[in-house]
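The values are calculated or read from the model by the stated rules, or taken from the named source; none is laboratory data. As the structure is a prediction and not an experimental result, all values here were calculated from the model. Here Cβ is always computed from backbone atoms with ideal geometry, including for glycine, and neighbour counts include all displayed protein chains.
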Amino acid sequence: MNSARELRPIARTSDETRDNSASLDGRRSWLPVVSMLGATLVGSLLPLIRTPTFYYWDDTAGVAVGVWQRIAENVISGTPPFLQIDMWRGGNFIAEAATGMWNPVMLGLMVGTYPLDDVGIAITVAKFVLFLLTSGGVYVLARSFGATPWLAAVAGTTLALSGWALFMDGSSWINGTAITALTPWAWWALRRCYLGGFRPGGIIVAAIFAYLVPSTGNPYGVLTLAVVFLAVAVEAILARRPKALLWLAAIGAGVVLTVVVVYLPFLLT
C-alpha cells in the first residue's frame, strides 16, 4: 500500500514533465517564424530613419494612393468603383487593370488603411503587410521543399528585404510588391495540391492562391504565375507523373478564365 502511494506522485510528476516539454517544444517551433517576421518588420522600418517618405515615392505618390483612397471610399459606401468621371482619363478603373480592385488582399488593404488620415502612412502600413506576407510565403514554400525552420526563416527575411523587393518595388510600385508577396503562396499551394494528388480541397486552395497573383492587375503577375506552373510541371515530369500535367493545365485554364474580367477591358480600351 505504501509503495503504491509513493508511485502516484512520481507518475503525476512524469506526466507534468511531459506536458511542460511538449509546451516548450510548441513555443520553440514558433520561434523561427516570429523571429523572421520581427526581422522583416524591423528591416522594413530602417529606411524610414533617414527618408521618412521612402515608401511614398514615384508611382505610389502619383497614382496608387489616389486610386486606393477612391476605391476604398466607393467600396465602403457601397458604390461600384469602376468609373470615376471626376478623375478624367485616370478614372476609368475598369480599364486600368493595375488598380488591384479585383484582388481580395489588395482590396482588403485599401479598405483597412482607409481610416488613416495620412495617406503616406496608410500606404506604408499596407506595404509592411505585404513584406510580412512575402516572408510567410517564402517560409512555407521553403519548408515544403524540406528546408529546416531556421533556414526557411532566413530565406523569408532575405527575399522580403532584398534589393529589388525593398528599394525598387517597395518604394514605388505596390503592385510589384504584391506580386512578390503572393507568388510564394501560389507556388506553395499549387505544389501542395500536386503532392496531395489533386484532391478537391487542394485544387480549390491552389486555384484561389493562383488567382491572387494575376488579379493584382500587373501583367508581370501573369508571367510570374506561368513560371510557377512551369516549375510544378517540371517537377511532375521528373517524377514521371504525366497525369499531373492535365490537372495543372485544367487549374491554369480556370485561373485564366477568372482573370478575364481584370485584363479584357484593358485590352479592349
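For the range 84-115, enumerate the residues that are farther than 28 Å from G137 by Cα and either touching a Ser or Thr at 6+ places or on another chain (Cβ under 8 Å) or small (G, A, S) (or both).
G90, G91, N92, F93, A95
Please verify whether L212 is closer than 26 Å to A253 by Cα, buried (at least 20 other Cβ atoms within 10 Å of the Cβ) and of a type in the set (A, V, I, L, M, F, W, C), treating the condition exactly as stated. Talk me through it step by step, then tell me what you get.
Working: closer than 26 Å to A253 by Cα: yes; buried (at least 20 other Cβ atoms within 10 Å of the Cβ): yes; of a type in the set (A, V, I, L, M, F, W, C): yes.
Considered against the rule, which asks whether it is closer than 26 Å to A253 by Cα, buried (at least 20 other Cβ atoms within 10 Å of the Cβ) and of a type in the set (A, V, I, L, M, F, W, C), L212 comes out as yes.
Restricting the first residue to the range 80-104 and requiring it to be free of Cβ contacts under 8 Å to residues at least 40 places away in the same chain and in a loop (DSSP other than H, G, I, E, B), which pairs with a second residue that is surrounded by fewer than 18 Cβ atoms within 10 Å (Cβ to Cβ) and hydroxyl-bearing (S, T, Y) meet a Cβ separation below 6 Å and a spacing of at least six or different chains?
none
Residues to consider are Y194, Y139; find the one that is surrounded by fewer than 24 Cβ atoms within 10 Å (Cβ to Cβ) and either in contact (Cβ under 8 Å) with a residue 60 or more places away in the chain or among the hydroxyl-bearing types (S, T, Y) (or both).
Of Y194, Y139, the one residue that is surrounded by fewer than 24 Cβ atoms within 10 Å (Cβ to Cβ) and either in contact (Cβ under 8 Å) with a residue 60 or more places away in the chain or among the hydroxyl-bearing types (S, T, Y) (or both) is Y194.
Can you tell me which residue in the range 147-174 is nearest to G62 (Cα to Cα), limited to those that are over 15 Å from the mean Cα position of the chain (by Cα) and not in a helix (DSSP H, G or I)?
Among those that are over 15 Å from the mean Cα position of the chain (by Cα) and not in a helix (DSSP H, G or I), it is W173.
Is it the case that the range 78-85 has a residue that's under 30 Å from L166 (Cα atoms), modelled with pLDDT under 95 and surrounded by 12 or more Cβ atoms within 10 Å (Cβ to Cβ)?
Here is the first cut: in the range 78-85, the residues under 30 Å from L166 (Cα atoms) are 81.
Cutting the leftovers down to modelled with pLDDT under 95 gives us 81.
Then keep just the ones that are surrounded by 12 or more Cβ atoms within 10 Å (Cβ to Cβ); that gives 81.
Among the residues of the range 78-85, at least one is under 30 Å from L166 (Cα atoms), modelled with pLDDT under 95 and surrounded by 12 or more Cβ atoms within 10 Å (Cβ to Cβ), which makes the answer yes.
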